[in-house]
Amino acid sequence: MTSFFHLLFYNNPGDRMKVAIFDAEDEKDLEEDINDFLSSSVEVIDIKYQVSTSIYEEEQIFCFSAMILYFEKT
């Protein structure tokens, strides 16, 4: 592990990056869940967002998901 990586992700003893995963059938529900999470005491490192679709009979199904990499603020 390079020292830059070590300093970036392990600033203090006990600091560890965490992951939160969100999944919703509607983009507004996903947005609300993420905004609720972000209003807590977290320091966001990155957010990954994805939309997938499928068709079941004549219905089109959407799945909205996001992964948030973060540190908890102390």
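The values are calculated or read from the model by the stated rules, or taken from the named source; none is laboratory data. All figures in this text were calculated on a predicted structure; none of them were measured in a lab. Note that we place each Cβ from the backbone using ideal geometry, even for glycine, and neighbour counts take in every protein chain shown.
Some values worked out for this structure:
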{"read-out": "Residue within region 31-40 that is among the aromatic types (Phe, Trp, Tyr) and in a strand (DSSP E or B) present", "value": "no"}
{"read-out": "Any hit, region 58-66, residues being assigned to a strand (DSSP E or B), polar (S, T, N, Q), exposed (fewer than 10 other Cβ atoms within 10 Å of the Cβ) and at pLDDT below 95", "value": "yes"}
{"read-out": "Residues of region 25-41 satisfying the condition of being in contact with a strand residue (DSSP E or B) (Cβ under 8 Å, 6 or more places away or on another chain) and within 13 Å of residue 68 (Cα to Cα)", "value": "30, 33, 34, 37, 38"}
{"read-out": "Residue ID - farthest from residue 16 (Cα to Cα), chosen from residues in region 41-57 that are assigned to a strand (DSSP E or B) and of a type in the set (Asp, Glu)", "value": "46"}
{"read-out": "Meets criteria (in a strand (DSSP E or B), modelled with pLDDT under 95 and among the acidic types (Asp, Glu)) for residue 23", "value": "yes"}
